[in-house]
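What follows is calculated from the coordinates using simple rules that are stated; it is not laboratory data. Bear in mind the structure is a predicted one, so any value in this text is a computation, not a measurement. FYI the Cβ positions are ideal-geometry reconstructions off the backbone, even for glycines, and counts take in every protein chain you see.
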Amino acid sequence: MPDSFDLIVIGSGPGGYICAIRAAQLGMKVACVEKRATLGGTCLNIGCIPSKALLQSSEEYWHTAHGLKDHGVIVDGVKLDLARMQARRAEVVTANVKGVEFLFRKNKVTWLKGTGRITGPGKVDVDGTEYETKNIVIATGSESMPLPGVEVDEKHIVTSTGGLELDKVPGHLVVIGGGYIGLELGSVWRRLGSEVTVVEFLDRIIPNMDGEISKSFERLLTRQGMKFRLGTKVTGARKGNDGVTLSIEPAKGGAAEELKADVVLLSIGRRAYTEGVGAGVGLDERGRVQTGAHYATNVPGIYAIGDCIAGPMLAHKAEDEGVAVAEIIAGQAGHVNYGAIPGVVYTWPEVASVGQTEEELKAAGAAYNVGKFPFAANGRARAMGETDGFVKLLADKATDRLLGAHIIGPEAGTLISELTMAIEFGASAEDVARMCHPHPTLEEAVKEAALAVAGRALNM
Ligand code: FAD
Ligand code: NAI
């Protein structure tokens, strides 16, 4: 007779594994089903972690080759050992996925190895063995969005998965989609020597971030040598002996042309992965598991979280939902504030955002003040030689409450946490401005932008 559980989580990505651990902390008997050979989902195996390993390594390479002369450090003969760089990426992944295995053992979470299928309320089949459980959380994640006419082989036409594992620096990398993946992986291969062209359907990159940040980001990446074909769509791809030929044309219609590439990275978004979910669980019009308040699906006792439901496809959003749903199942008041989920693009400079963009505030007819401060006027940024970018804060005109924070610049992904906390706590721009910030730090640019909301920046 197979074991029965209080909770079975299907999928061990950041949503699923964190949910399993939190539920175990709350005293439940928990199992987590994972069909991949290792735990950790997209994020740890083929997403956040390996991409950040390569971003770090390629940044070290680029900086050593080009960024030190100004500091009076002369380095000759910098060489790339791509095989070692890729081996390091794999080692970083292994350390992380083994870490989740350790955490499961520590918290007495059972890993059910195989493919989970819900056969009815309270019943999960894992490769032919049926387990009983009081509750089920679906955390099956997402997969890369296909593009008709552009057939992925993960060698010449790759998704992020193949794009992370290239064993040769492509001569010309064409990226389809100027979003998170395209710009991060495009940056990796650009730094390692590829010519990189980004073909983006819309007339701007990272379309869901603040427009001013997006324009500045495009300028800085162009300065790094990336080329952009905005307002352009790809209508087909032909593979030949000497690479791939893409057919492209203006998104609004017009003459078609050809673009040759050694490797094409397809990164036009991701879609919910729900294969095998079963048991009459309802999906929405975009194939995501439909959930109401408290992550409940239409079937009692079955919940869903992370990339397979609506909302931003981000690891920390999945994690926070994992904690919230475990607490809800335990009878507590689990909650996620969707107004305060930061997003970070880990290029150099980094781009980070939390709360509402200026475009969203305008569309809502909101009255707001803007405070901006450039890193070029920040002492620490000058000392680092990293003066590109700025901090932009948006605050309610009447109450001064912070509504949005947008940063492009050095360590933007770290700087955004202070502002996420400010928004979470309902702080005003003045609260941030009056908080003592250590000198000399990049954080002082945040304080100055907060002062600038009231037109009283001190160092500008
Ligand atoms: P996933 O991580 O996708 O995990 C789902 C798991 O469920 C998978 O392991 C899958 O094998 C398993 N599964 C599915 N169906 C079944 C089944 N029937 N039975 C058993 N197992 C099943 N987000 C960030 O916040 N920061 C980043 O820097 C970042 N970088 C990224 C870089 C790349 C290249 C990519 C592709 C994504 C990145 N993301 C990043 C997004 C992040 O990876 C996802 O938001 C996150 O992984 C979602 O977590 P999840 O738990 O919902 O699903
Ligand atoms: P994305 O949604 O970030 O960007 C896709 C881009 O492709 C958009 O700019 C869109 O306008 C464009 N596009 C869509 N269809 C197109 C077409 N036919 N031709 C040309 N352009 C087209 O998606 P991406 O980059 O694939 O990443 C998927 C998700 O993974 C992200 O949205 C994010 O949630 C997550 N992610 C997060 C990261 C982070 O937090 N740093 C890093 C990588 C991924």
If you line up the Cα atoms of segment 221-288 on their principal axes, what length do they span on each, largest first, in Å?
48, 30, 29
What whole number of Å gives the distance from the Cα centroid of segment 51-82 to the Cα centroid of segment 102-160?
38 Å
Members of Lys227/Lys317; Lys35/Lys123; Lys155/Lys239; Lys155/Lys252; Lys113/Lys317; Lys35/Lys317 lying beyond 20 Å, as alpha-carbon distances in this model show:
Lys227/Lys317; Lys155/Lys252; Lys113/Lys317; Lys35/Lys317
Spherically averaged projected area of segment 62-124 from its Cα convex hull (nm²):
8.6 nm²
Expressed in nanometres to one decimal, the distance between label points 7 Å along Cα→Cβ at Asp127 and His335 is 4.2 nm
Dipole magnitude of the chain about its Cα centre, charges +1 at Lys/Arg Cβ and -1 at Asp/Glu Cβ only, in debye to the nearest 20?
280 debye
Evaluated at 37 °C and 0.692 mPa s, the Stokes-Einstein D of segment 346-403 based on the Kirkwood radius over Cα pairs, in µm²/s, stands at 254 µm²/s
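So how many Å³ per residue does the convex hull of the Cα atoms of segment 252-309 work out to? Mind showing how you got there, number by number?
Working: hull volume 8.1 nm³, N = 58.
Roughly 140 Å³ of hull volume per residue.
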Measuring from the lowest to the highest alpha carbon on each principal axis, how far does segment 358-460 reach, largest first, in angstroms?
40, 26, 23
Order these peptides, 367-379, 46-58, by their mean beta-carbon neighbour count within 10 angstrom, highest first.
46-58, 367-379
At 0.692 mPa s and 37 °C, plugging the Kirkwood radius over alpha-carbon pairs of segment 116-161 into Stokes-Einstein gives what diffusion coefficient in µm²/s?
241 µm²/s
Among the lysines, select those whose C-alpha is under 16 Å from the C-alpha of Lys447, and discard any that sit fewer than 8 residues away in the same chain.
Lys372, Lys392
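Let a ≥ b ≥ c be the square roots of the eigenvalues of the Cα gyration tensor of segment 185-270; is it rounded (a/c under 1.5), or, if not, prolate (a/b larger than b/c) or oblate?
Numbers: a/c = 2.04, a/b = 1.24, b/c = 1.64.
Oblate.
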Given N residues in segment 87-214, what is Rg(Cα) / (2.2 N^0.38 Å)?
1.45
Per its Cα gyration tensor (rounded if a/c is under 1.5, else prolate when a/b beats b/c, else oblate), segment 164-212 is best filed as prolate
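Normalised by the empirical 2.2 N^0.38 Å for globular proteins, what value does the Cα Rg of segment 282-396 take? Can you show the working numbers first?
Numbers: Rg = 19.0 Å, N = 115, 2.2 N^0.38 = 13.4 Å.
Rounded to two decimals, the normalised Rg is 1.43.
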Compactness ratio of segment 1-144: Cα Rg over 2.2 N^0.38 Å, N = residue count?
1.41
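At 0.692 mPa s and 37 °C, plugging the Kirkwood radius over alpha-carbon pairs of segment 382-435 into Stokes-Einstein gives what diffusion coefficient in µm²/s? Display every interim value, and only then the final one.
Numbers: Rh = 11.9 Å.
Once the numbers are plugged in, D ends up at 277 µm²/s.
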Which aspartates and glutamates, if any, have their Cα less than 15 Å from the Cα of Lys168, not counting same-chain residues under 8 positions apart?
Asp81, Glu154, Glu195, Asp242, Asp262
Rounded to the nearest 20 Debye, what is the dipole magnitude of segment 335-396 about its Cα centre when Lys and Arg each give +1 and Asp and Glu each give -1 at the C-beta?
200 debye
Can you show me the helix-derived [θ] at 222 nm for the chain, built from DSSP H runs with n ≥ 4 at -39,500 (n - 2.57) apiece and divided by the number of residues, rounded to the nearest 500.
-9500 deg cm²/dmol
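Arrange the peptides 318-325, 293-300 so that the one whose residues have, on average, the most other Cβ atoms within 10 Å appears first.
Result, highest mean Cβ count within 10 Å first: 318-325, 293-300.
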Of the listed peptides 405-412, 92-99, 200-207, what is their order by residue-averaged count of other C-beta atoms within 10 Å, with the highest listed first?
405-412, 200-207, 92-99
For the chain, what mean projected area does the convex hull of the alpha carbons give, in nm²?
24.7 nm²
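Any idea what % of Cα-Cα pairs in segment 25-106 are farther than 19 Å?
54 percent
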